[in-house]
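Visitor: The structure follows.
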Amino acid sequence: MEAVPPLYRVAGAAGPQGDEDRLGVPDGPGAPLDELVGAYPNYNEEEEERRYYRRKRLGVIKNVLAASAGGMLTYAVYLGLLQMQLILHYDETYREVKYGNMGLPDIDSKMLMGINVTPIAALLYTPVLIRFFGTKWMMFLAVGIYALFVSTNYWERYYTLVPSAVALGMAIVPLWASMGNYITRMAQKYYEYSHYKEQDDQGPQKRPPRGSHAPYLLVFQVIFYSFFHLSFACAQLPMIYFLNHYLYDLNHTLYNVQSCGTNSQGILSGFNKTVLKTLPRSRNLIVVESVLMAVAFLAMLLVLGLCGAAYRPTEEIDLRSVGWGNIFQLPFKHVRDFRLRHLVPFFIYSGFEVLFACTGLTLGYGVCSVGLERLAHLLVAYSLGASAASLLGLLGLWLPRPVPLVAGAGVHLLLTLSLFFWAPTPRVLRHIWILYVAAVLWGVGSALNKTGLSTLLGILYEDKERQDFVFTIYHWWQAVAIFTVYLGSSLPMKAKLAVLLLTLVAAAASYLWMEQKLRRGVVPRQPRIPRPQHKVRGYRYLEEDNSDESDAEGERGGGPGDGVEEEAPPAGPRPGPEPAGLCRRPCPYEQALGGDGPEEQ
């Protein structure tokens, strides 16, 4: 009877296919050990390294897209909800029917005060929060505070709206500073992953050439602001698809409006106190707010799940180990740097111009003349113009550095001068195309301004130890400018345009002066960043070959004991060798017995 071959091959024995497998390696007990446990015969180390760094670069692009989309969704929800809330609360009938004598206008004024005034103190705590939580987690917590503000609108009371508005005001500067720092760090990482061979040749402690990451930084900032400026358009979706159906037309809302544009005083003087034809149902409002809450939650998930860390864990340890007192003081010490002092007027103008686009241009010129029902369309025109014009920032790859920033200032200068002499007639739609053109052009200037400033800061301050301080200063001055606009909201339009024009001219002149100084070779005075003082003595800080030390440590150099507190040797002659038994540290059992070593003396 013929034997049936086994279904599975017996280990250690030659199978029916012979003594060799498909790779030509002998099978059975005679197989050489090196062939079994050695490297894969077709393994290509260079190819695997190339694939590894390609995955790393794709991860960086994923981080940039996730941070950009998260910021866009966050501000779309915030601006859309705030705009809808202020319009509803402005209507007299809505306030009396829904809330009676609760004092809703007073609550709204305190809420706006909390949003605009609280960021003034942000310079005191923003660097500490970013160093304590880390860049990514600061972004996540700030987006969560924006979502908290959205959630409080389910129950509109003084004790819900005002505290959440104060918390949101505290989160504005940390969110923007961490976002700017994050995008800059991603550009630096992308350069490292693209030029890994050069870094291997130079050594792990050698810094890349200054300005080497600038092209990647410019592209990433263009991506970020292209997404962000779309938030103004997305914020109008509740207005277009929900609230516009309840609004009166311009003949009712603008009935008592006498002057617009450059002749106007304050914000919409003479505007009708009733803007709603019918009151929206509470159920419909809850549905809209639930959609906004879901989008805010989605933004939190994007930042939490898709954004990777900006620093390695050892780098974050070094960043927060310089001492909390030094972290608190360093933003103020950076005022010594003439580059930041020359850029402060541009920081202030950056806050002025975005508030003027949302209030002065769209309300004082747009709503005042063509009605509240066209507010959303004007802001959509501004948003799309700014988002598309952000791509013009790529011209910085070929043009001199000052060109995009000065070009944006030039566009705004021409528009501001034109608005000085234009007073549109209320309730007349013939000039509506001029409003759309002005909104688009203002968006072009805003895009060049925002993209150029953020890219410039990332190029001038490449040290990872300074980036969070610099972006904190930038966005704090923006917050100061927004607070100033909030205080001067009742000024005549001519006064607002005059302040805007003077700030713009001063900003452009100061920036060009800074570039002239840099071309002459004037060296900026930067505050010294203290060395990290680590409290824990672990293997990471005692190794002679410390591959995890920061770039600053590598440049300054030092021995294996750098960063570790060393005790000075006692004065006098060195004692002789002690017995081995007395040098040994007592074990826990001996400590419990009160002994000093192996033999108690």
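The values are calculated or read from the model by the stated rules, or taken from the named source; none is laboratory data. Note that this is a predicted model, so its numbers are computed, not measured. Here the Cβ positions follow ideal geometry from the backbone for every residue, glycine too, while neighbour counts run over all protein chains shown. Protein only, heavy atoms only, side chains kept; ligands, DNA and RNA dropped before computing areas. Shrake-Rupley method; radii C 1.70, N 1.55, O 1.52, S 1.80 Å.
Visitor: So LEU161 clears everything in (1) open to solvent by 50 Å² or more (accessible area, probe 1.4 Å); (2) in contact (Cβ under 8 Å) with a residue 40 or more places away in the chain; (3) touching a helix residue (DSSP H, G or I) at 6+ places or on another chain (Cβ under 8 Å) except one condition, right? Which one?
Guide: Condition (1) is where LEU161 drops out.
Visitor: Could you say which residue among VAL437, VAL428 is farther than 26 Å from SER68 by Cα, out of contact with any Lys or Arg (no Cβ under 9 Å at 6 or more places or on another chain) and open to solvent by 60 Å² or more (accessible area, probe 1.4 Å)?
Guide: Working: VAL428 fails: open to solvent by 60 Å² or more (accessible area, probe 1.4 Å).
Of the residues listed, the single one that is farther than 26 Å from SER68 by Cα, out of contact with any Lys or Arg (no Cβ under 9 Å at 6 or more places or on another chain) and open to solvent by 60 Å² or more (accessible area, probe 1.4 Å) is VAL437.
Visitor: Select from the stretch 164-192 the residues that are under 20 Å from TYR125 (Cα atoms) and open to solvent by 20 Å² or more (accessible area, probe 1.4 Å) and write down the one among them that is nearest to the chain's Cα centre (by Cα).
Guide: First, pick out the residues of the stretch 164-192 that are under 20 Å from TYR125 (Cα atoms): 164-182.
Then drop every residue that is not open to solvent by 20 Å² or more (accessible area, probe 1.4 Å), which leaves 166-167, 170, 172, 176.
On the way: VAL166: 20, ALA167: 18, MET170: 15, ILE172: 10, TRP176: 4 Å.
Checked the stretch 164-192; the qualifying residue nearest to the chain's Cα centre (by Cα) is TRP176.
Visitor: Please go through the stretch 433-476 and pick out each residue that is of a type in the set (S, T, N, Q) and in contact with an Asp or Glu (Cβ under 9 Å, 6 or more places away or on another chain). Reasoning before the result, please.
Guide: Here is the first cut: in the stretch 433-476, the ones of a type in the set (S, T, N, Q) are 446, 449, 451, 454-455, 467, 472.
Answer for the stretch 433-476, where residues must be of a type in the set (S, T, N, Q) and in contact with an Asp or Glu (Cβ under 9 Å, 6 or more places away or on another chain): SER446, ASN449.
Visitor: Here is a further query. Mind listing whichever residues of the stretch 269-304 are over 31 Å from the mean Cα position of the chain (by Cα) and open to solvent by less than 40 Å² (accessible area, probe 1.4 Å)?
Guide: Step one: list which residues in the stretch 269-304 are over 31 Å from the mean Cα position of the chain (by Cα), which gives 269-284.
Matches in the stretch 269-304: GLY270, PHE271, ASN272, THR274, VAL275, LEU276, PRO280.
Visitor: Only one residue in ALA409, ALA386 is modelled with pLDDT of 90 or more, open to solvent by less than 60 Å² (accessible area, probe 1.4 Å), assigned to a helix (DSSP H, G or I) and out of contact with any Ser or Thr (no Cβ under 9 Å at 6 or more places or on another chain), so which one is that? Give the steps one after another, and end with the answer.
Guide: Numbers: ALA386 fails: out of contact with any Ser or Thr (no Cβ under 9 Å at 6 or more places or on another chain).
Answer to the selection: ALA409.
Visitor: Scan the stretch 473-495 and give yes if some residue there is crowded, with 20+ Cβ neighbours inside 10 Å, assigned to a helix (DSSP H, G or I), in contact with a His (Cβ under 8 Å, 6 or more places away or on another chain) and among the hydroxyl-bearing types (Ser, Thr, Tyr), otherwise no.
Guide: no
Visitor: Among the listed residues LEU397, LEU379, which satisfies the condition of being in contact (Cβ under 8 Å) with a residue 40 or more places away in the chain, in contact with a helix residue (DSSP H, G or I) (Cβ under 8 Å, 6 or more places away or on another chain) and open to solvent by less than 20 Å² (accessible area, probe 1.4 Å)?
Guide: Details: LEU397 fails: open to solvent by less than 20 Å² (accessible area, probe 1.4 Å).
Within the list LEU397, LEU379, the selection yields LEU379.
Visitor: Then there's this: Within the stretch 241-256, work out how many residues are out of contact with any strand residue (DSSP E or B) (no Cβ under 6 Å at 6 or more places or on another chain) and open to solvent by less than 50 Å² (accessible area, probe 1.4 Å). Write out each step before concluding.
Guide: Let us first name the residues in the stretch 241-256 that are out of contact with any strand residue (DSSP E or B) (no Cβ under 6 Å at 6 or more places or on another chain), namely 241-245, 247-256.
Filter once more, keeping what is open to solvent by less than 50 Å² (accessible area, probe 1.4 Å): 242-244, 247, 250, 253-254.
So the answer is 7.
Visitor: Within the stretch 84-119, count every residue that is open to solvent by 20 Å² or more (accessible area, probe 1.4 Å), hydrophobic (A, V, I, L, M, F, W, C) and more than 19 Å from MET239 (Cα to Cα).
Guide: Matching residues across the stretch 84-119 total 5.
Visitor: List pairs: first in the stretch 238-257 and closer than 27 Å to VAL287 by Cβ, second of a type in the set (Ser, Thr, Tyr) and assigned to a loop (DSSP other than H, G, I, E, B), Cβ under 6 Å, 6+ apart or cross-chain?
Guide: TYR246/THR278
Visitor: Could you list, in sequence order, the residues of the stretch 126-183 that are among the β-branched types (Val, Ile, Thr) and farther than 24 Å from SER109 by Cα?
Guide: Initially, the stretch 126-183 is screened for residues among the β-branched types (Val, Ile, Thr), giving 126, 128, 130, 135, 143, 145, 150, 152, 160, 162, 166, 172-173, 183.
If the condition is that a residue be among the β-branched types (Val, Ile, Thr) and farther than 24 Å from SER109 by Cα, then THR126, VAL128, ILE130, THR135, ILE183 are the ones that fit.
Visitor: Just name the residue that is modelled with the highest pLDDT out of those in the stretch 193-230 that are crowded, with 16+ Cβ neighbours inside 10 Å and not in a helix (DSSP H, G or I).
Guide: HIS213
Visitor: Here is a follow-up. Does LEU243 satisfy being under 36 Å from the mean Cα position of the chain (by Cα) and of a type in the set (A, V, I, L, M)? Break it down stepwise before answering.
Guide: Details: under 36 Å from the mean Cα position of the chain (by Cα): yes; of a type in the set (A, V, I, L, M): yes.
Taking the combined requirement at face value, the residue satisfies it.
Visitor: Tell me, which helices (runs of 4 or more DSSP H) lie completely within the stretch 79-165 with 2 or more residues that are of a type in the set (Lys, Arg)?
Guide: Those helices (runs of 4 or more DSSP H) span 92-99.
Visitor: I'd like to verify a number: residues in the stretch 352-371 that are hydrophobic (A, V, I, L, M, F, W, C), open to solvent by 20 Å² or more (accessible area, probe 1.4 Å) and either in a loop (DSSP other than H, G, I, E, B) or within 17 Å of ALA235 (Cα to Cα) (or both), how many?
Guide: As a first pass, look at the stretch 352-371 and keep what is hydrophobic (A, V, I, L, M, F, W, C): 352, 354-358, 361, 363, 367-368, 370.
So of that shortlist, the ones also open to solvent by 20 Å² or more (accessible area, probe 1.4 Å) come out as 352, 354-355, 358, 363.
Filter once more, so that each one left must be either in a loop (DSSP other than H, G, I, E, B) or within 17 Å of ALA235 (Cα to Cα) (or both): 354-355, 358, 363.
Residues in the stretch 352-371 being hydrophobic (A, V, I, L, M, F, W, C), open to solvent by 20 Å² or more (accessible area, probe 1.4 Å) and either in a loop (DSSP other than H, G, I, E, B) or within 17 Å of ALA235 (Cα to Cα) (or both): 4 in total.
Condition check ((1) surrounded by fewer than 18 Cβ atoms within 10 Å (Cβ to Cβ); (2) under 26 Å from the mean Cα position of the chain (by Cα); (3) hydrophobic (A, V, I, L, M, F, W, C); (4) at negative phi) across all residues:
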| site | (1), (2), (3), (4) |
| --- | --- |
| ALA447 | no, yes, yes, yes |
| LYS450 | no, yes, no, yes |
| PHE471 | no, yes, yes, yes |
| LEU512 | yes, no, yes, yes |
| GLN526 | yes, yes, no, yes |
| GLN533 | yes, no, no, yes |
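Visitor: With GLY521, GLY538, GLY488 as the choices, which residue is at positive phi and modelled with pLDDT under 95?
Guide: On the way: GLY538 fails: at positive phi; GLY488 fails: at positive phi.
None of the others qualify; the one that does is GLY521.
Visitor: Checking the condition in a loop (DSSP other than H, G, I, E, B), touching a residue at least 40 places away in the same chain (Cβ under 8 Å) and within 27 Å of ALA381 (Cβ to Cβ), which residue from LEU279, LEU268, LEU298 passes?
Guide: Values: LEU279 fails: within 27 Å of ALA381 (Cβ to Cβ); LEU298 fails: in a loop (DSSP other than H, G, I, E, B).
Every option except LEU268 fails the conditions.
Visitor: The conditions are (1) over 12 Å from GLU353 (Cβ atoms); (2) aliphatic (A, V, I, L, M); (3) more than 21 Å from the chain's Cα centre (by Cα), and LEU413 fails exactly one of them. Which is it?
Guide: So LEU413 meets the others, but not (1).
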